[in-house]
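> To start, I am sharing the structure in question, which I have written as structure tokens.
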Amino acid sequence: MDELRARVEQAKKSLFFSGARIADHLNSFLNERGRLCEEIGGTHADKIRHIFLVGSGGSFASLQTAKYILDRIINIPSEVVMSYELIWRNYRRLDKDALVIFSSYSGETEDTVAGLRMACKRGAGTLAIVGQPESTLAREADIVIPYANGAIYEIPILAVLLYAFGLVGCDNLTPDMSAIYNSIFQLPEAAGEASQLEETVAEAKARRLLSADHIYVLGSGPLSPLAYKLAMSVIMENIRIGGTYSDASEWRHGPVEALSNIKPNLIALLGTDESRQLTLQTIDFCRQHGSEVLVYDAVESANVHPLLTPLVMNSLTQWLVVYSALLRGITDLDARVFMGHRMLTSTGASWP
């Protein structure tokens with residue numbers, strides 16, 4: 001047990017494990033870059049007709065979350081696109097009236113760089129949210145919002161939302177918009193407190209799923225993209241077992257039939273928004289039919305606007321993943337077996 005504790009303390013220094021320092025990370029970004037994001041949005045007011053949000057992997061999940069909230073703030077059409085999809089779809093509306101927002105922590109993601117170059121050729125405006133200010137994306141984008149900490153899920157969301165509030169203008173906010181805006185600045189404290197509490201129970205949760213070789217992750221509403229991220233780019237990437245994502249509201253449209261033959265291990269993300277009741281029904285049904293369901297309930301942890309709950313709950317799931325990885329013998333949370341070794345790229349990029 002002493003060895004496990006020592007490894008957890010070491011893990012807190014990991015780039016991946018931002019949850020252990022989430023309050024500091026969020027405060028730093030809001031204090032240093034928050035106003036910049038709003039000012040950039042203000043310069044684009046009445047000039048943008050379409051917004052594309054482009055990224056891959058965890059960045060794609062961040063932008064999906066941002067899009068969900070964005071729809072409550074602006075009237076400008078927007079959509080989230082995986083990086084190569086921007087190229088393959090060859091949108092007619094990707095032109096001088098469009099803004100393409102790219103997100104990549106490294107700023108060197110091969111497919112995201114390719115998408116940026118295509119957008120530039122089409123005359124679209126480009127904005128890059130990157131963790132590395134000297135990266136290719138930072139050099140080639142029209143506008144750069146850099147950040148130098150590990151909150152790589154939360155910060156792109158905040159950057160997009162604050163940009164959107166700048167587009168709208170503070171004098172034009174509805175009461176609902178103002179509630180979201182004000183809650184953004186409550187996030188550091190709320191996320192920090194929730195993460196500290198989660199540290200005391202995370203090991204027990206990880207041990208509940210320690211024998212699992214596959215975990216299904218369910219979430220709806222604003223938590224659906226975080227469920228996708230947890231299954232596809234965290235459980236598979238960091239714990240290195242099978243992970244499957246399903247929107248909790250879609251579970252009854254097909255996947256539920258598997259319960260007649262298997263008793264899957266599930267993680268459910270339960271929000272405080274309109275999707276809560278249907279997600280509860282799904283959780284109850286799965287438990288009634290023998291599934292192990294580990295629930296993260298925003299009522300217990302996320303004292304923020306319902307749309308912002310993913311920015312609190314991401315840190316809680318990180319605690320689970322850290323303990324799950326360490327208990328399975330994966331001790332270097334920043335190392336990858338295949339990713340980052342120029343094995344999955346076609347251009348020699350350092351990161352796929």
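> Could you grab the pairs with beta carbons closer than 9 Å, sequence gap of 6+ or different chains, first residue in the stretch 290-311 and free of Cβ contacts under 8 Å to residues at least 24 places away in the same chain, second one in a helix (DSSP H, G or I)?
Glu300/Ala194; Glu300/Leu197
> Which strands (runs of 3 or more DSSP E) does the stretch 86-176 wholly contain that include 1 or more residues that are in the same structural domain as Lys229 (by TED's automatic domain parsing), more than 21 Å from Tyr68 (Cα to Cα) and in contact (Cβ under 8 Å) with a residue 12 or more places away in the chain?
On the way: elements: 98-104, 125-130, 143-146.
Those strands (runs of 3 or more DSSP E) do not exist here; none qualify.
> From the list Ala231, Ala212, Ala227, which residue is touching a residue at least 40 places away in the same chain (Cβ under 8 Å), in a helix (DSSP H, G or I) and either at negative phi or small (Gly, Ala, Ser) (or both)?
Ala227
> Still on this structure: Among Ala206, Ala164, Ala212, Ala202, which is surrounded by 14 or more Cβ atoms within 10 Å (Cβ to Cβ) and under 17 Å from Pro310 (Cβ atoms)?
So the residue among Ala206, Ala164, Ala212, Ala202 that is surrounded by 14 or more Cβ atoms within 10 Å (Cβ to Cβ) and under 17 Å from Pro310 (Cβ atoms) is Ala164.
> May I pose another question? For the stretch 264-323, name all the residues that are assigned to a strand (DSSP E or B), under 18 Å from the mean Cα position of the chain (by Cα) and not charged (D, E, K, R). First the steps, then the outcome.
Here is the first cut: in the stretch 264-323, the residues assigned to a strand (DSSP E or B) are 265-270, 292-297.
Of the ones still in play, those that are also under 18 Å from the mean Cα position of the chain (by Cα) are 267-270, 296-297.
Ile267, Ala268, Leu269, Leu270, Tyr296 - these are the residues of the stretch 264-323 that are assigned to a strand (DSSP E or B), under 18 Å from the mean Cα position of the chain (by Cα) and not charged (D, E, K, R).
> Among the residues of the stretch 116-140, write down those that are within 20 Å of the chain's Cα centre (by Cα) and crowded, with 19+ Cβ neighbours inside 10 Å.
Leu127, Ala128, Ile129, Val130, Gly131, Leu137
> Among the residues of the stretch 41-72, what is the count of those that are hydrophobic (A, V, I, L, M, F, W, C), in a helix (DSSP H, G or I) and within 25 Å of Arg92 (Cα to Cα)?
Counting residues in the stretch 41-72 that are hydrophobic (A, V, I, L, M, F, W, C), in a helix (DSSP H, G or I) and within 25 Å of Arg92 (Cα to Cα) gives 5.
> When you look at Asn31, is it among the polar types (S, T, N, Q) and assigned to a loop (DSSP other than H, G, I, E, B), yes or no?
It is false that Asn31 is among the polar types (S, T, N, Q) and assigned to a loop (DSSP other than H, G, I, E, B).
> Filter the stretch 234-253 down to residues that are assigned to a helix (DSSP H, G or I) and under 19 Å from the mean Cα position of the chain (by Cα) and give me whichever is surrounded by the fewest Cβ atoms within 10 Å (Cβ to Cβ).
Filtering first and then ranking leaves Met236.
> What are the residues in the stretch 94-105 that are surrounded by fewer than 20 Cβ atoms within 10 Å (Cβ to Cβ) and either over 30 Å from Ser178 (Cβ atoms) or at pLDDT below 95 (or both), if any? Explain how you work it out, then say what you get.
Taking the stretch 94-105 and keeping what is surrounded by fewer than 20 Cβ atoms within 10 Å (Cβ to Cβ), we get 95-97.
Result: Asp95, Lys96.
> Return the only residue of Tyr153, Tyr91, Tyr84, Tyr181 being aromatic (Phe, Trp, Tyr), surrounded by 16 or more Cβ atoms within 10 Å (Cβ to Cβ) and over 27 Å from Asn314 (Cα atoms).
Answer to the selection: Tyr91.
> Sticking with this one: Among what's in the stretch 271-282 and is crowded, with 20+ Cβ neighbours inside 10 Å and in contact with a Leu (Cβ under 7 Å, 6 or more places away or on another chain), pick the residue that is farthest from Ser246 (Cα to Cα).
Restricting to residues being crowded, with 20+ Cβ neighbours inside 10 Å and in contact with a Leu (Cβ under 7 Å, 6 or more places away or on another chain), the top hit is Gly271.
> If you check every pair at least six apart or on different chains, which have Cβ atoms under 6 Å apart with a residue in the stretch 36-50 that is in contact (Cβ under 8 Å) with a residue 40 or more places away in the chain first and a residue that is among the aromatic types (Phe, Trp, Tyr) and not in a loop (DSSP other than H, G, I, E, B) second?
If the second residue must be among the aromatic types (Phe, Trp, Tyr) and not in a loop (DSSP other than H, G, I, E, B), the pairs left are Cys37/Tyr163; Glu38/Phe165; Ile40/Tyr163; Gly41/Tyr163.
Conditions (1) in contact with a His (Cβ under 7 Å, 6 or more places away or on another chain); (2) modelled with pLDDT of 95 or more; (3) of a type in the set (Gly, Ala, Ser), marked per residue:
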| residue | (1), (2), (3) |
| --- | --- |
| Ala23 | no, yes, yes |
| Leu26 | no, yes, no |
| Leu36 | no, yes, no |
| Gly41 | no, yes, yes |
| Lys47 | no, no, no |
| His50 | no, yes, no |
| Phe60 | no, yes, no |
| Leu70 | no, yes, no |
| Ile73 | no, yes, no |
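The values are calculated or read from the model by the stated rules, or taken from the named source; none is laboratory data. Keep in mind the model is a prediction, meaning the values are calculated, not measured. Methodologically, a virtual Cβ is constructed for each residue, glycine included, from the backbone with ideal geometry; neighbour enumeration extends over all protein chains shown.
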